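What follows is a set of notes on a single structure, which appears directly below.
Just so it is clear, none of the values below were taken in a lab; they were calculated from the coordinates. No experiment lies behind these values; they were computed from the predicted model shown. Note: ideal-geometry Cβ built from the backbone for every residue, glycine included; neighbour counts use all protein chains shown.
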Amino acid sequence: NAGVTQTPKFQVLKTGQSMTLQCAQDMNHEYMSWYRQDPGMGLRLIHYSVGAGITDQGEVPNGYNVSRSTTEDFPLRLLSAAPSQTSVYFCASSYSYSLVETQYFGPGTRLLVL
Amino acid sequence: GDSVTQMEGPVTLSEEAFLTINCTYTATGYPSLFWYVQYPGEGLQLLLKATKADDKGSNKGFEATYRKETTSFHLEKGSVQVSDSAVYFCALSDPDFSGGYNKLIFGAGTRLAVHP
């Protein structure tokens, strides 16, 4: 099992550019989510999905889109990058959306927007 | 709204010292509590959890007890090792806040550095 994988590991964008952060898991997990990690603020939830075809917004969704066409993949799209989106992005998955379920995190994507 | 407050780091200790990292929370409902650990260059991984008052979570020599009366979930270890150097995150999931979905609310993280 590879677990949760994320690509790329590091990306530099210019303001206004778009890109997609990839996330995949091979554990057949139903629940997937995206967080961003900023210094002094811990992780904050951007979007989540409870299964293929079902997504919803988290705490900080503005500027980001997601879709879930398969159980395995949950890409995060930045439509028009802004410097405020400079952050480290983590994808996570869990077997179910139960509040006590362990979430498994990917290694992260470090994004710098100039 | 819900929130998690952790002691500021970095925490610097010598090997075999006793570790405490304080964590307190505010929640509208009855949350489950977690400690996640992030080793350098890696994603977060679950260290331990507790789902009801007075539960003690434990793993790898780390312990934390869910204290509802003081809204706390302090992380402790009796004898730290250099390999414990990492960032530790306290987190909660609150059924009243999350609509039944596992939306974690994290503290800011506490960096631990253990020296030989």
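Numbers at a glance
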{"read-out": "Condition met for A:Ala24 (assigned to a strand (DSSP E or B), in contact with an Asp or Glu (Cβ under 8 Å, 6 or more places away or on another chain) and hydrophobic (A, V, I, L, M, F, W, C))", "value": "yes"}
{"read-out": "Region B:62-101, residues that are under 21 Å from B:Gly43 (Cα atoms), assigned to a strand (DSSP E or B) and of a type in the set (A, V, I, L, M)", "value": "B:Leu75, B:Ala86, B:Val87, B:Ala91, B:Leu92"}
{"read-out": "Identity of the residue in region A:6-42, touching a residue at least 24 places away in the same chain (Cβ under 8 Å) and of a type in the set (Gly, Ala, Ser), that ends up nearest to B:Cys23 (Cα to Cα)", "value": "A:Ser33"}
{"read-out": "Residues (more than 7 Å from chain B (Cβ to nearest Cβ) and either buried (at least 22 other Cβ atoms within 10 Å of the Cβ) or in a strand (DSSP E or B) (or both)) located in region A:36-49", "value": "A:Arg36, A:Gln37, A:Asp38, A:Arg44, A:Ile46, A:His47, A:Ser49"}
{"read-out": "Single match in A:Ser33, A:Ser93, A:Ser87 (criterion: in contact with an Asp or Glu (Cβ under 7 Å, 6 or more places away or on another chain), surrounded by 15 or more Cβ atoms within 10 Å (Cβ to Cβ) and within 14 Å of chain B (Cβ to nearest Cβ))", "value": "A:Ser87"}
{"read-out": "Residue under evaluation B:Leu44, criteria (1) out of contact with any Leu (no Cβ under 7 Å at 6 or more places or on another chain); (2) surrounded by fewer than 21 Cβ atoms within 10 Å (Cβ to Cβ); (3) not polar (S, T, N, Q), criterion not met", "value": "(2)"}
{"read-out": "Test result for A:Ser67, over 13 Å from the mean Cα position of the chain (by Cα) and hydroxyl-bearing (Ser, Thr, Tyr)", "value": "no"}
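Residues are listed down the side, and each one gets a yes or a no for (1) within 11 Å of another protein chain (Cβ to nearest Cβ); (2) aromatic (Phe, Trp, Tyr); (3) under 22 Å from A:Leu43 (Cα atoms); (4) more than 12 Å from the chain's Cα centre (by Cα):
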| position | (1), (2), (3), (4) |
| --- | --- |
| B:Gln38 | yes, no, yes, no |
| B:Glu42 | yes, no, yes, yes |
| B:Leu46 | yes, no, yes, no |
| B:Lys49 | yes, no, yes, no |
| B:Ala53 | no, no, no, yes |
| B:Gly61 | no, no, no, yes |
| B:Ala64 | no, no, yes, no |
| B:Ser72 | no, no, yes, no |
| B:Leu75 | no, no, yes, no |
